[in-house]
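**Student:** Mind looking over this structure? Questions follow.
The values are calculated or read from the model by the stated rules, or taken from the named source; none is laboratory data. These numbers come from a predicted model, not from an experiment. For neighbour counting, all protein chains shown are included, and Cβ atoms are generated from backbone atoms with ideal geometry for every residue, glycine included. Just the protein is used for accessible areas: all its heavy atoms, side chains included, with ligands, DNA and RNA removed. Shrake-Rupley method; radii C 1.70, N 1.55, O 1.52, S 1.80 Å.
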Amino acid sequence: MNAAIGLDFGTTNSAIAWVVDAGDPILAHFDAGAGPTDTFRSVLYFDQGEDGQDPLTTTAGPFAISRYLNAEEKNGRLIQSLKSFLASRLFHATSIYGRMYRLEELIAIILRDLKAAAEAELGYEIDKVVVGRPVRFVHAQDASDAELALKRLLAGLHNAGFREIEFEYEPVGAAYHYESDLDHDELILIADFGGGTSDFSLLHVGPSYRDGRRGGSANEHRRDSILGHDGVPIAGDCFDGKLIRHLVTPLLGRGAQFRSQFGNPLEVPSFIYNRLERWHHLSVLKSPKMMNLLIELQREAYEPERLAALIHLVRNDLGFLLFRAVEKTKRELSDGFSSRLRFAHQDLEIDVSVTRAQFESWIAEEISAIEQCVDGLLERSGFATRDVDFVFLTGGSSFVPAVRHVFEERFGADRMRFGGELTSVANGLALRAQEGAAAKRART
Ligand SMILES: Nc1ncnc2c1ncn2[C@@H]1O[C@H](COP(=O)(O)OP(=O)(O)OP(=O)(O)O)[C@@H](O)[C@H]1O
Ligand SMILES: [Mg+2]
């Protein structure tokens, strides 16, 4: 019997899971040499080869990261957070070592590897899949942008070899995961905090809604179970960006001055540092035009060493390593009240301390946008916080204490549930795929 497949293509981490018969979901495994994992970093690495003449090699996920880390010269291109460009009308294609790649092609490389890993474990080819989608895509201003994002995602999936594709909201996927061991019905608010987006669904879950899956009959209850969705394009990548802005960019010349051609002091343009806050934009800084500008600024800067540090970072493609250090600091601020950001490469050394209180003041605007989104969803759906039985927090950024606090304040700690941070969506989408297949069988 064919398995029902769920695929979570995440901004930071992807995963693929399947359900056979009415069993529990099983996650595909990936092993790049450091032991098997059930999540696949959504990154790509383009390697030009030793002498720059060899054919281009592309690797994805943990394999891409280990290849990047093992490369002596950091001159390959590591690309991350591709999902965040799906709704962007400014991004169509990018040139990598002289070859143009469309966004759909880049995404397909990641999806193909996920598919292959699942197929290797299942022992047969997959053509049908339920795929998660955020409620609101990053960069989507209106419905037509969301349509564009879905069209591109669909093209990426087709390119990767999937033939029958159904989309489902990611928090609904997480709801199926949450529901799988419930023995009573609940009104649940799902809150999924990822790398690119924070997504919310308000819905009824439990045995009365789940019976369709186990019993094999079509379940009309599902249709009426969903009360509302909303989302914001704010999550872990934004939090990283804030740490970069406040901890790193001042050391690299933000706010520094240089002598203009008329001899008067001017501030180094801030757009350079805005780019730095998104590490996938770092490679833009490496263009010959930008490098010339940076060198010119360094020559005229009153504190040239700060610009020299920035040039070193850009020239050596250290974006991934810097962001890895920043992410480590962010995680430590989830567990403790202070941390240090340490980063060293040749002569470039960063060592700064940071408290959780500072971090929380830097992300206050983002937290407030999350609050407004949650309050708005409840209001539009006609429910008060007291009507909600539980809140299920999932996704990697749900570890951030300020994020948890939003829900503690509204619902109280005893109505909060957590779990499956990196895998709940893939597992739940597989359950959702299984339910759909069972309902279809019952109809025919
Ligand atoms: N302990 C932690 N504290 C703070 N942030 C964390 C922690 N662990 C993971 N994260 C963050 O969680 C994010 C990744 O979460 P997740 O894998 O759920 O996202 P995703 O599914 O790839 O993204 P999206 O759902 O937005 O497409 C990253 O930004 C990561 O830095
Ligand atoms: Mg996610």
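**Student:** Among 137, 407, 271, which one shows the highest mean-square fluctuation when the chain is modelled as a Gaussian network with alpha-carbon springs under 10 Å?
**Tutor:** Looking only at 137, 407, 271, the largest GNM fluctuation is found for 271.
**Student:** Give me the one-decimal nm value for the distance between modelled label points at residue 141 and residue 105, 7 Å along each residue's Cα-to-Cβ direction.
**Tutor:** 2.8
**Student:** Taking R0 as 45 Å, what's the FRET efficiency between residue 183 and residue 95 from their Cβ-Cβ distance, rounded to 0.05?
**Tutor:** The pair residue 183/residue 95 has a calculated efficiency of 0.25.
**Student:** Moving on. Using a 1.4 angstrom probe and counting only protein chains, how large is the accessible area of residue 139 in Å², to 10?
**Tutor:** Estimated to the nearest 10 Å², residue 139 gives 90 Å².
**Student:** Right, another one. Near residue 401, within a Cβ-to-Cβ distance under 10 Å, what is the net charge of the other residues, with Lys and Arg +1 and Asp and Glu -1?
**Tutor:** -1
**Student:** On the accessible surface of the range 316-444, probed at 1.4 Å, how many percent belong to carbon and sulfur atoms?
**Tutor:** So the carbon and sulfur contribution to the accessible surface is 46 percent.
**Student:** Indicate the gyration tensor shape class of the range 94-182 (rounded, prolate or oblate), computed on the Cα atoms with a ≥ b ≥ c the square roots of the eigenvalues: a/c under 1.5 is rounded; otherwise a/b larger than b/c is prolate and the rest oblate.
**Tutor:** oblate
**Student:** Answer with one residue from 187, 395, 251: the one whose Cα lies farthest towards the positive end of the charge dipole of the chain, charges on Cβ with Lys, Arg +1 and Asp, Glu -1.
**Tutor:** Highest projection toward the positive end goes to 251.
**Student:** Now for a different question. Could you rank the peptides 112-119, 375-382, 124-131 by their average count of other C-beta atoms within 10 Å per residue, with the highest value first?
**Tutor:** Result, highest mean Cβ count within 10 Å first: 112-119, 124-131, 375-382.
**Student:** Over the Cα atoms of the range 34-162, what is the Rg over Rh ratio if Rh follows Kirkwood?
**Tutor:** Reported Rg/Rh, Kirkwood definition of Rh: 0.99.
**Student:** Assuming R0 = 41 Å, can you tell me the calculated FRET efficiency for the pair residue 440 and residue 368, based on Cβ-Cβ distance, to the nearest 0.05? Spell out each step's value before the answer.
**Tutor:** Values: r = 44 Å, r/R0 = 1.06.
After rounding to 0.05, the efficiency reads 0.40.
**Student:** Treating the angle as unsigned and between 0 and 90°, give the value, to the nearest 10°, between the Cα long axis of helix 170-179 and the longest Cα principal axis of the chain.
**Tutor:** Taking the Cα atoms of the chain, the angle to 170-179 is about 50 degrees.
**Student:** What order, most packed first, do the peptides 321-327, 192-198, 348-354 have when packing is the mean number of other Cβ atoms within 10 Å of each residue?
**Tutor:** Ranking the peptides 321-327, 192-198, 348-354 by packing returns 192-198, 321-327, 348-354.
**Student:** While we're on this one: Give me the one-decimal Kirkwood hydrodynamic radius in Å for the chain, with the sum taken over alpha-carbon pairs. Write out the running numbers ahead of the final one.
**Tutor:** Values: mean 1/r = 0.0431 Å⁻¹.
Radius from the Kirkwood sum: 23.2 Å.
**Student:** For helix 103-122, what angle does its Cα long axis make with the longest principal axis of the chain, in degrees from 0 to 90 and rounded to 10?
**Tutor:** Once rounded, the angle reads 50 degrees.
**Student:** Given a 1.4 Å probe and heavy atoms of the protein chains only, how would you sort 242, 328, 151, largest accessible area at the top?
**Tutor:** Values: 242 25, 328 120, 151 145 Å².
Largest accessible area first, the residues go 151, 328, 242.
**Student:** Across the range 389-402, in residue order, what do the Karplus-derived ³J(HN,Hα) couplings come to in whole Hz, using 6.51 cos²θ - 1.76 cosθ + 1.60 with θ = phi - 60° and x for Gly and Pro?
**Tutor:** Values per residue, Gly and Pro as x: 6, 9, 10, 10, 9, 9, x, x, 7, 6, 6, 5, x, 5 Hz.
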